[in-house]
Amino acid sequence: MSRVKALFGGGGPRPEIDWPAWEARIGRIVTSEVERVLPYFPDDGVIVDVGANIGLFTATLLGRRPRASAICFEPVASFCERCRARFADNPRVRIENLALGNRNERTTIYKPTHNPGGNSLVRAQVEIYTSKHRVNWEREQVEVRIFDDWAREAGITRVDLIKTDTEGHDYAVLQGVLPFLERTGQRPVILSELLAKSLHHAWDEQMAVVERLYALGYQKVDLESMREIDDILFVPAGRARVE
């Protein structure tokens, strides 16, 4: 089954989520993605996990780097609460019931009834998915913040890894991250879910963000051969591996 079909195929009313089955379903993918970033993530590193869902990526990463710290952003209230429960005994994990983007606003997030991992802030992207796959959606009002604004208020100055998984909104998340990178000089490794031109509603804006990352010193990556939905790893030029 393709990743697109796995994430967006199906329809009908939202069933009660079998969370152990859900984690088992995506666990192999998450573990694989964690393995990609581990060589660049120090023992005491700081991850910003955007679109954290119920915290599986961060939990897997901290299983390998138990001295690390995390800031998890999850806008869907019920998922955020599950994330908080998962890390209730870990004082190094901070959970924020927020989305990140390129403006500070209150807006709608669209939640596919069959898939707890496919929530999107982008109405145009939802319409594209719906035209390609049989999807029903629920809605929820959520708060969106620009990361640089939030980081200033929170006193955050160090970030070693940024992971974004926001279903077509990742370019906007990174637009809000770029001023932080420019202001602080931080160059975290970035693992971001990008969409191919055939699927993305704002391909030119996504590419403009990528070009700004290159201008900040990130190594160029091949986006010509990417899948429709792909997790792209941006590594600063000259970044030494930690293992």
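Quick note: the coordinates plus some simple rules give every number you see, no bench work behind them. Just so you know, these numbers come straight off a predicted model, no measurement behind them. Note that we place each Cβ from the backbone using ideal geometry, even for glycine, and neighbour counts take in every protein chain shown.
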Relative contact order for the chain, counting Cα pairs under 8 Å that sit 6 or more residues apart, in percent: 21 percent
Rounded if a/c under 1.5, otherwise prolate or oblate - segment 15-100, Cα gyration tensor axes: oblate
In sequence order, calculated HN-Hα J values of segment 216-232 (Karplus, 6.51, -1.76, 1.60; Hz; x Gly/Pro): 7, x, 7, 5, 6, 10, 8, 9, 5, 9, 5, 6, 4, 10, 9, 8, 9
Extension gain, Ile26 back to Glu205 (0.36 nm per residue minus Cα-Cα distance, nm): 61.6 nm
Computed E for Arg134/Arg239 - FRET, C-beta separation, R0 45 angstrom, nearest 0.05: 0.60
Segment 3-234 - share of DSSP beta bridges that are antiparallel (%, nearest 5): 45 percent
Rg/Rh (Cα only; Kirkwood hydrodynamic radius) as it applies to segment 63-200: 0.97
Segment 144-211: trypsin sites (Lys or Arg not before Pro) falling in loop per DSSP and having at most 14 other Cβ within 10 Å: Arg158, Lys197
Computed over segment 3-234, the ratio Rg/Rh where both radii use C-alpha atoms and Rh is Kirkwood: 0.93
Likely footprinting exposure, Lys220, Lys111, Lys132, fewest C-beta neighbours within 10 Å first: Lys220, Lys132, Lys111
Sorted by Cβ density within 10 Å, fewest first, the residues Phe147, Phe180: Phe180, Phe147
Placed amide H near Cys72: partners under 5 Å, 5+ positions off or other chain: Asp49, Arg94, Ile95, Glu96
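Given a cut-off of under 8 Å on Cα pairs at least six residues apart, what relative contact order in percent is computed for segment 193-243?
48 percent
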Separation of the Arg106 and Leu216 label points, Cα + 7 Å toward Cβ, nm: 3.0 nm
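Please give the net charge around Pro236, taking every other residue with its beta carbon less than 13 angstrom from that of Pro236, where Lys and Arg add +1 and Asp and Glu add -1.
Charge balance near Pro236 sits at +3.
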Net length gained if the chain between Ser78 and Ala154 were fully extended (0.36 nm per residue, minus Cα distance): 25.0 nm
